[in-house]
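To start, the structure under review is shown below, and the notes come after it.
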Amino acid sequence: MPPAFFSVDPHGGSPIYMQLAEQVKRAIAIGALGPGERLPTVKALAIDLKVNPNTVARVYRELEAEGVIATAPGRGSFVRENDAVDTVQRAAHDTVTVAIDNAVREARSLGMSRDAAASIANASIARWYSEETP
């Protein structure tokens, strides 16, 4: 996988290491990175993204601690063979749950009725999933 697959925005709203970690997880969740696939080396990815190698190393350490990747000394870092996809999909599920909970909480705090909030949610789902089947 070429390092150019990932990108970071140093002026974005979240730290670079978080952006990169989420991109790796997203790539695994959507199948762009499959089980056993090798990740770019820390050095190569740091050079490509123009970030400190310690930042990339931190991302890889955290992903390894989460069970998403495995690192073999002298061989590199790889997407875990066993349950990395399940782990990432659970994390994606949790992320979406938190985002929806926050949106519903905000709607309620603004005095919006349950039906109005549901209508907005359903319109958003229809807009984003219009071409897909359930």
Those residues of the stretch 45-97 that are touching a residue at least 60 places away in the same chain (Cβ under 8 Å) and hydrophobic (A, V, I, L, M, F, W, C) come to a total of 3
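Just name the residue that is surrounded by the most Cβ atoms within 10 Å (Cβ to Cβ) out of those in the stretch 78-113 that are among the polar types (S, T, N, Q), more than 17 Å from the chain's Cα centre (by Cα) and not in a loop (DSSP other than H, G, I, E, B). It would help to see each step written out before you state the result.
Start the filter on the stretch 78-113 by keeping residues that are among the polar types (S, T, N, Q), which leaves 82, 87, 89, 95, 97, 102, 109, 113.
Keeping just the survivors that are more than 17 Å from the chain's Cα centre (by Cα) gives 82, 102, 109, 113.
In the following step, the residues that additionally are not in a loop (DSSP other than H, G, I, E, B) were identified as 102, 109.
On the way: Asn102: 10, Ser109: 8.
That would be Asn102.
In the stretch 4-16, which residues are crowded, with 17+ Cβ neighbours inside 10 Å and either under 22 Å from Ala72 (Cβ atoms) or not assigned by TED's automatic domain parsing to the domain that holds Val68 (or both)? Even if it seems obvious, please write down each step before you answer.
So in the stretch 4-16, the residues crowded, with 17+ Cβ neighbours inside 10 Å come out as 6, 8, 16.
Answer for the stretch 4-16, where residues must be crowded, with 17+ Cβ neighbours inside 10 Å and either under 22 Å from Ala72 (Cβ atoms) or not assigned by TED's automatic domain parsing to the domain that holds Val68 (or both): just Phe6.
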Residues (surrounded by 19 or more Cβ atoms within 10 Å (Cβ to Cβ) and either touching a Ser or Thr at 6+ places or on another chain (Cβ under 6 Å) or more than 20 Å from Val96 (Cα to Cα) (or both)) located in the stretch 18-50: Leu33, Leu39, Pro40, Val42, Leu45, Leu49
Spot the failing condition for Thr41; the list is (1) at pLDDT 85 or above; (2) in the same structural domain as Ala117 (by TED's automatic domain parsing); (3) hydroxyl-bearing (Ser, Thr, Tyr), and only one is missed. (2)
Across the stretch 8-22, what is the number of residues that are touching a helix residue (DSSP H, G or I) at 6+ places or on another chain (Cβ under 8 Å), without any contact (Cβ under 8 Å) to a residue 40 or more places away in the chain and part of a helix (DSSP H, G or I)? 2
So which of Ala46, Ala72, Ala32, Ala65 is over 15 Å from Thr87 (Cβ atoms), out of contact with any helix residue (DSSP H, G or I) (no Cβ under 9 Å at 6 or more places or on another chain), outside the structural domain of Val96 (by TED's automatic domain parsing) and of a type in the set (A, V, I, L, M)? Ala72
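In the stretch 64-76, is there at least one residue being acidic (Asp, Glu) and surrounded by fewer than 13 Cβ atoms within 10 Å (Cβ to Cβ)? Break it down stepwise before answering.
Initially, the stretch 64-76 is screened for residues acidic (Asp, Glu), giving 64, 66.
Now drop any that are not surrounded by fewer than 13 Cβ atoms within 10 Å (Cβ to Cβ), which leaves none.
Within the stretch 64-76, none of the residues are acidic (Asp, Glu) and surrounded by fewer than 13 Cβ atoms within 10 Å (Cβ to Cβ).
The values are calculated or read from the model by the stated rules, or taken from the named source; none is laboratory data. Keep in mind the model is a prediction, meaning the values are calculated, not measured. Cβ sites come from the backbone with ideal geometry, for glycine too, and all protein chains shown count toward neighbours.
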